[in-house]
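To keep things clear, I will list the structure first and then write my remarks on it.
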Ligand SMILES: [Zn+2]
């Protein structure tokens with residue numbers, strides 16, 4: 001992903017230069033200068049939507065997320081802050097974010113079927129029968145602290161409705177040095193969930209229907225995220241038999257035991273995801289999916 005980085009740096013320089021031009025040219029040229037630097041969505045380029053107005057809107061939006069109950073509502077998850085974007089490469093556009101501090105390392109990309117990103121997921125997590133439009137997906141670049149205590153780059157494909165929420169959550173986890181071993185695209189495991197989970201990989205989008213139904217799973221929409229999957233397995237009882245996914249996670253089924261990387265309700269990942277309106281699979285009653293954070297049904301049903 002190095003190429004994204006230098007392209008992004010070039011873009012940042014171009015942006016700074018454009019801002020300089022904008023300041024030099026005076027208020028009358030505001031729209032022209034901004035429009036040449038930012039390929040903005042028509043809705044956002046109306047005359048009354050000046051940079052100042054945007055900033056105050058953004059502040060309000062951030063405040064709304066910090067409700068005293070700590071729980072975001074559907075509209076928070078639904079806030080599509082990727083309307084404004086910058087072209088970086090064929091079919092790839094950088095998402096505009098408002099709540100991210102380190103935008104050099106925590107950023108999202110909107111991509112089309114012509115893009116290099118799509119080529120990586122086509123016929124893997126993005127299968128032929130995928131009912132979710134590519135335009136609803138975002139590629140995220142994040143940093144995370146690995147089990148070795150070092151900084152690593154992570155890649156995530158998710159739904160646009162949670163793209164900035166995830167960037168914000170992973171930025172907070174990184175700053176807190178929360179250990180996450182791997183954040184790779186599930187496509188690196190040929191979109192095989194069991195292989196990805198067995199390798200303790202944290203991931204989001206993988207298109208699939210829920211078994212024996214025509215209902216798309218939350219991961220199929222890119223609206224669920226799994227964290228440290230080996231230490232936080234999906235445990236259920238099928239025909240009286242205990243089923244553990246991944247199969248090599250049997251040692252981590254008993255949650256009363258003390259072991260590292262265990263997600264509990266006292267865990268920072270739990271706190272951050274639930275504060276952003278996600279639900280935790282560890283709270284389910286019929287089965288337990290300790291690695292899993294998802295957008296509630298009510299929100300998903302309002303989106304699709
Ligand atoms: Zn999951």
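No lab work stands behind these numbers, since they all come straight from the coordinates. Keep in mind that what you see is a predicted model, and the values were worked out from it rather than measured. Using ideal geometry, Cβ is built from the backbone for each residue, glycine included, and neighbour counts are taken over all protein chains shown.
A simple spin-label model places the labels of residue 302 and residue 238 3.4 nm from each other, with each point 7 Å out along Cα-to-Cβ. For 199, 187, the sequence from fewest to most other C-beta atoms within 10 Å is 199, 187. A straight chain from residue 192 to residue 176 at 0.36 nm per residue would run longer than the Cα-Cα distance by 2.7 nm. Shape summary of region 89-242, radius of gyration then Dmax from alpha carbon positions: 15.6, 52 Å. Segment residue 283..residue 113, full-extension length gain: 57.5 nm, with 0.36 nm per residue of separation and the alpha-carbon distance subtracted. Packing order of peptides 91-99, 155-163, 259-267, highest average first: 155-163, 91-99, 259-267 (average count of other Cβ atoms within 10 Å over each peptide's residues). For the pair residue 213 and residue 101, a Förster radius of 41 Å applied to the C-beta separation gives a FRET efficiency near 0.50, rounded to the nearest 0.05.
As an equivalent ellipsoid, region 85-150 spans semi-axes of 24, 17, 10 angstrom, where each value is the square root of five times an eigenvalue of the C-alpha gyration tensor, largest first.
Normalised by the number of residues in region 83-303, the mean separation of alpha-carbon contacts (under 8 Å, six or more apart) gives a relative contact order of 14 percent.
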